[in-house]
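Working notes for the structure below.
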Amino acid sequence: MTGAAQHTKNRPGAPRGHAAAGHSRWQYVRPRGLSCTVVNAAALLSLPGMEDDLARLEPCLRDAVRSGDAFLEEVTTHLIDAGGKRLRPGLALAAATGGAGGARDEDLQGAVAVELVHLASLYHDDVMDEAAVRRNVESVNARWGNLVAIVAGDFLLARSAEIAASLGTEIAGLLANTLGRLCQGQLSEVRVAFNTRRTEEQYFDAIAGKTAALMSTSCRIGALTGGRPRSEVDALSAFGRSFGIVFQLRDDLLDVVATDEELGKPAGQDLAEGVYTLPVLLALRHPGIGPELQALLGRPLGQPEREKAKSMVASSPAVDETVVRAGRFVDDAVEAAGALSPAGLSKAMAGLARGLLHDLPV
């Protein structure tokens, strides 16, 4: 999977900077017993002061959802208390401090704003997916019902908007635009549910909105609260966009190659719900399994059919092809990280991007 990279910019359906042809400079190393369920954030956490800043974030998250209503606070802190990677606020804090630690109040509030948006999206996603488990605990919708989950998610979005407004008009406008892109990306995915003719362009458009937009905004907000030069604000935004694409490709791969135990939730859920991701789309094109897979998909799947479809995709060349595609976005993220200073931040961001694919059990 190595070779000289050829970057063709602005391929239709892919975010700016995607290498549409040729090979990636990134090299895949098959894992040896590594966990596939948690993004390896060691590179980010190695930055001076990052663990302390993330520890300071936790009470800020809880303070942000205080309302004086005991029930609402129980619901809105449910997933906060369940933990999580805190990847998006971690990106914001690293961008703000330059990897030197000592986040200011504005930096912490920017990180809180992006994490609240992420949490709200989880509340809403679980309603749409009828999920029963999230972060190894009972989902909000399963415990309190769909209406409570939706309203609580809206409350988190309102709190995020309030915080963003306190940080200035540019950040408020940026977050509002991001919310619109999240909705647009999610809706574009819903529109093609169970459609085996979904195009790669439609797929990349959807994940650019529903995943990459918030990653990019997390980096950009941190860069803005940290007062970084415009060139680095833009570089961090580009990094977050490419990183977000790789993150979603990784997640979509795990849905077909990982087990229920590894994921902590039912594997093959996207297949069952008619969300045909890049590995599935590539498998459908493959002459060896495409016709049989085509006959199986296009409708909701029960457990036996889900397992069969998942196995077909997981054993096909589509998995390695998806890893190669993701590697090109890793290249783009590493290139963007190269424009950052100090060198420690540049190295950590590049390492974070490279590490996204290193623990895939494929």
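If you plug the beta carbon distance of Leu263 and Arg299 into 1/(1 + (r/R0)^6) with R0 = 22 Å, you get a FRET efficiency near 0.40. Working note: Cα atoms of the stretch 99-179, range along each principal axis, descending, whole Å: 38, 26, 16. The value obtained for the stretch 214-362, namely the Cα convex hull volume divided by the number of residues, is 113 Å³ per residue. Computed from the C-beta positions of Asp63 and Gln184, the FRET efficiency with R₀ = 22 Å rounds to 0.10. Relative to a virtual label point 7 Å from the Cα of Ser46 in the Cα→beta-carbon direction, which members of the stretch 249-273 show backbone nitrogen distances below 19 Å? Answer for the stretch 249-273: none. Mean projected area of the convex hull spanned by the Cα atoms of the stretch 305-344, taken over all viewing directions: 4.0 nm².
Computed log10 I(q)/I(0) for the stretch 180-244 at 0.14, 0.28, 0.29 Å⁻¹: -0.46, -1.05, -1.09, from the Debye equation with unit scatterers placed on every C-alpha and solvent omitted. Residues whose amide H comes within less than 5 Å of that of Arg134, counting only those at least five positions distant or on another chain, are Ser139 (H built at 1.01 Å from N in the peptide plane). In the complete set of protein chains, residue-level accessible area for Cys183 is approximately 90 Å², probe 1.4 angstrom. Taking every Cα-Cα distance in the stretch 219-295 and sorting them into 5 Å bins starting at zero, the pair-distance distribution P(r) comes out as 3, 14, 16, 15, 12, 10, 10, 9, 6, 3, 1 percent.
Ordering Phe243, Ala212, Gly222 by the projection of their Cα atoms onto the charge dipole of the stretch 194-252, which places +1 on the Cβ of Lys and Arg and -1 on the Cβ of Asp and Glu, puts Gly222 at the extreme positive end.
Taking label positions 7 Å along the Cα-Cβ direction at both Glu138 and Asp234, the computed distance is 5.1 nm, reported to one decimal. When the chain is treated as a GNM with alpha-carbon contacts under 10 Å, the residue of Gly145, Gly98, Gly90 showing the greatest mean-square fluctuation is Gly145. Given +1 at the Cβ of Lys and Arg, -1 at the Cβ of Asp and Glu and no other charges, the dipole of the stretch 293-334 around its Cα centre is 240 debye to the nearest 20. Counting every C-alpha pair in the stretch 75-125, the share spaced more than 13 angstrom apart comes to 59%.
Model label points for Asp81 and Met128, set 7 angstrom from Cα along the Cα-to-Cβ axis, are 2.8 nm apart.
Geometric descriptor of the stretch 114-245, per residue, is 114 Å³ (volume of the convex hull of the Cα atoms).
Put a dot 7 Å past the Cα of Asn146, heading toward its Cβ, do the same for Ser341, and the two dots end up 5.4 nm apart.
Taking every protein chain into account, the accessible area of the chain amounts to 41 square angstrom per residue (probe 1.4 Å). Over the residues of the chain, the helix contribution to mean residue ellipticity at 222 nm works out to -20000 deg cm²/dmol, using -39500 (n - 2.57) for each DSSP H run of at least 4.
Nothing charged except the Cβ atoms of Lys and Arg (+1) and of Asp and Glu (-1): what's the magnitude of the dipole of the chain about its Cα centre? Round to the nearest 20 debye. Rounded to the nearest 20 debye, it is 1060 debye.
Relative contact order for the chain: 23 percent, from Cα pairs under 8 Å spaced at least 6 residues apart, divided by residue count.
For the stretch 109-256, give the percent of accessible area contributed by carbon and sulfur heavy atoms, probe 1.4 Å, rounded to a whole number.
On the stretch 109-256, the fraction of accessible area on carbon and sulfur atoms equals 51 percent.
Net charge in the neighbourhood of Gly98 (other residues with Cβ under 13 Å of its Cβ; Lys, Arg +1, Asp, Glu -1) is 0. The share of C-alpha pairs in the chain whose separation exceeds 25 Å stands at 53 percent.
Among the aspartates and glutamates, which fall within straight-line cross-link reach of Lys347, defined as a Cα-Cα distance under 15 Å, with same-chain neighbours fewer than 8 residues apart omitted? Candidates past the 8-residue exclusion: Glu232, Asp331, Asp332, Glu335.
The values are calculated or read from the model by the stated rules, or taken from the named source; none is laboratory data. Quantities reported herein were computed from a predicted structural model and do not represent experimental measurements. Backbone-built Cβ (ideal geometry, glycine too); neighbour counts: all protein chains shown. Quick note on the areas: whole protein, heavy atoms, side chains included, nothing else; ligands and nucleic acids left out. Shrake-Rupley method; radii C 1.70, N 1.55, O 1.52, S 1.80 Å.
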